[in-house]
Each structure stands twice: as structure tokens, then as C-alpha cells.
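The values are calculated or read from the model by the stated rules, or taken from the named source; none is laboratory data. Since we're looking at a predicted model, the values are computed, not measured. Cβ atoms come from the backbone with ideal geometry, glycine included; neighbour counts cover every protein chain shown.
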Amino acid sequence: MQSYRLSRHNIIGTREGMKTHSCLTICLLTVAILVGCQSDLGKNPVDVGSAPDRVHENQPDLQDKSSGCSTVSGVVLPGVGLLLNNLTSQAMYPPGAVLSSLVVSFSICDPSMAVPASKVQIYGSALNVLFLDSVRVELSLMDAGLPSGTPENSQYSVLRLNEDAGEWVIHQTGRVLSQRVRYSFLVNGTYAVSLTGMLALDSLWTVTGFIGASGGTLNLLNSSLAVWPGAVSQTHEFSFTIVEGTPEGVPDALPRVYIFGPEGLTFADTVLLSVPFIDAGDDGSGDRIVHLYYYNETNNTWMVQPNPVRTTSEGYSVQLHHFSRYAFGR
């Protein structure tokens, strides 16, 4: 406003000393300057409304979705392990995790964006860092966001946030032991823990690995998942889990459930699941199975998947078009 007032006073002073100008000219000039100054003053060189909010660990909009985070950081050196303690939990980086020194961080947050009633763990400011050896995590029930009275052996799923799609996908599964939640990862990112309660677990086995466009195989117990070249166009962190227990809703089901991740992943070409009789819980006392069922999350029912199950002298094999929960039945 100061520049505007100075201009206006100069115009008034000029009017007193310039008798050759008409009142109409002075008025028009004054109006022009007034409009110009107001236009300039109305411009804001920084649009505060569009400026990005402060972000935490390079997580967009986390401040909008979180009531707060507890963060610790450190430096991982080649050949030297690192233990990060945060609240009542810890992240353990093995000695062979990196080839060069790297700053790492471990955050525990309370965001509403997470799986309901769960907290979120964020690892590293560079979310795409791939470690050479798995980082192992141990969380207290409180830091995982699970109820303090969660019973031993309760099943949980570890979910990873797909930053591109903005969706949570299954990373691993496990069960509560000694009131602790445990999982591991090879890639920095955002993780959360959720109780699944799908089965009362007796045993659980799981394995993870990265498979890209060139294909690969995940081996678990005596079973395997073969991903042919071209089945996926980019690298994914695959998981293969076998849970001991008989699923309800599958006719004459064998006592195993097979869980694959990323959940919902579909393939350009089928992948091959091979399960020997011993891993399928088939003791040979009944008729051989004839179907593989998948769990439809939309209507919460088990449905027959269309590809036929092949029976060999050693076990079963079947082609899969997408990832889900599966079980053999009749």
C-alpha cells in the first residue's frame, strides 16, 4: 500500500502545478494507477495453499494422515551390522546388508491411513533401497498396533504399501510368539501389521524372493512356484506361504492353505504351482483331489479356479492366473 499512496500523492501534487491538464485527464490517470497497483498487490508470488505439506521419510501427505511418528536413524557400514531401537521394538541390519555406507531410519507411526487398529512402520528415506541381506524386525504388540491381550499363536499379516498404486499388499504372514511380531524385508518401504484370524494355526512356513520379467522360482518345503519369463513385466517381491489347517467352505479340503503375494497380482502367462502329497497333507487315505479353490474376497467364499489339477506320482500341479489364497479340495 505504501507504493500506491506515494504514487497517488505525486499525482495530486502534479495536478496543483500543472494548469494545462484537465481534471478529466488527471482522474483517468489516477484510476489507471489505482487499478494497476491493486492488481500488483493482489498477486501472491507464493501460492501457500498449493505448497506441499512437510513430509516424513519422503512419504507424501504422511503428516495429514498421522498423529505422530517416533523415528530413529543410524549408518549401516559394509561388513558391520546395525541395531536400531525404537520405543519397544527394533530393526536389525545384518553385516552383509550393504556394499557402501548408508543412512537408514526406522519410524513407528499412528496414521489413520493404515490397516484399521494398526500402526505403520517406515524404513528409510530412500524407499527403493534393495539390501543384500534381509533386515529383521521385531515389534512389541503395542508398536505393531495390536491389542495388548492378543493371544499367543494369533495369525497376523504383514502388509506393504505399494507406493505407485497406493494400495496395501501382503508381504508376509506369521504368528505372535512371546508377545512379539516378527518379519523381514529386503526393500525399504512402509509396512503395517494386521491380525487376520483366517485359521487357528498349527504350523506355518513362508518364503519371499524377488522375481522379474526374466522369471524365477520360489521353493518352500518340497513345493515350488515357477514363474515363466514374461509372466510379469516388472520385478515384484513374491511371497509363498503354506499354512497348516483345514479351511471351512472347501469340500473335502486337504489340511493346507496356500497364500501368495503380492495379493491380487495377475499374470500375462500362467505360473505353475507344484505341491507334493506330503506338503499337501494328503496321506493317501482318501480319493485324490480334483479341484483347486481360491478365496473370493468380494463375497467371502471359496470358488473353483478353472485350470485343471494334474496328479502325478509325486503330487499335484496346477497353473495359476493370479495370486490369492488357495486350497485343494474335491
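Condition check ((1) modelled with pLDDT under 90; (2) part of a strand (DSSP E or B); (3) exposed (fewer than 12 other Cβ atoms within 10 Å of the Cβ); (4) of a type outside the set (Ser, Thr, Tyr)) across all residues:
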residue: GLY264; (1), (2), (3), (4): yes, no, no, yes
residue: PHE267; (1), (2), (3), (4): no, yes, no, yes
residue: SER274; (1), (2), (3), (4): no, yes, no, no
residue: ASP283; (1), (2), (3), (4): yes, no, yes, yes
residue: ILE289; (1), (2), (3), (4): yes, no, no, yes
residue: LEU292; (1), (2), (3), (4): no, yes, no, yes
residue: MET303; (1), (2), (3), (4): no, yes, no, yes
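Residues in the stretch 209-257 that are over 19 Å from ASP282 (Cβ atoms) and either among the hydrophobic types (A, V, I, L, M, F, W, C) or not assigned by TED's automatic domain parsing to the domain that holds LEU292 (or both): PHE210, ILE211, ALA213, LEU218, ALA226, VAL227, TRP228, ALA231, VAL232, PHE238.
The sole residue among THR208, THR173 that is within 17 Å of LEU130 (Cβ to Cβ), modelled with pLDDT under 85 and surrounded by 16 or more Cβ atoms within 10 Å (Cβ to Cβ) is THR208. Within the stretch 177-193, residues that are within 26 Å of PRO151 (Cβ to Cβ) and in the same structural domain as LEU159 (by TED's automatic domain parsing) have Cβ atoms under 6 Å from residues that are of a type in the set (Phe, Trp, Tyr) and surrounded by 17 or more Cβ atoms within 10 Å (Cβ to Cβ) in these pairs: VAL193/TYR156, counting only partners at least 6 apart in sequence or on another chain.
The set of residues in the stretch 55-84 that are at pLDDT 60 or above and either more than 22 Å from the chain's Cα centre (by Cα) or assigned to a loop (DSSP other than H, G, I, E, B) (or both) comprises GLY74, VAL75, VAL76, LEU77, PRO78, GLY79, VAL80, GLY81, LEU82, LEU83.
If you check GLU244 against the conditions, is it of a type in the set (D, E, K, R) and without any contact (Cβ under 8 Å) to a residue 12 or more places away in the chain?
Against the criterion (of a type in the set (D, E, K, R) and without any contact (Cβ under 8 Å) to a residue 12 or more places away in the chain), GLU244 does not qualify.
Only residues that are β-branched (Val, Ile, Thr) and either touching a residue at least 60 places away in the same chain (Cβ under 8 Å) or in a strand (DSSP E or B) (or both): list them for the stretch 138-176, please. Break it down stepwise before answering.
We begin by selecting, within the stretch 138-176, every residue β-branched (Val, Ile, Thr); these are 150, 158, 169-170, 173, 176.
Across the stretch 138-176, the qualifying residues are VAL158, VAL169, ILE170, THR173.
Across the stretch 312-328, the qualifying residues are those that are at pLDDT 90 or above and more than 16 Å from ILE242 (Cβ to Cβ), and the one among them that is surrounded by the most Cβ atoms within 10 Å (Cβ to Cβ) is GLN319.
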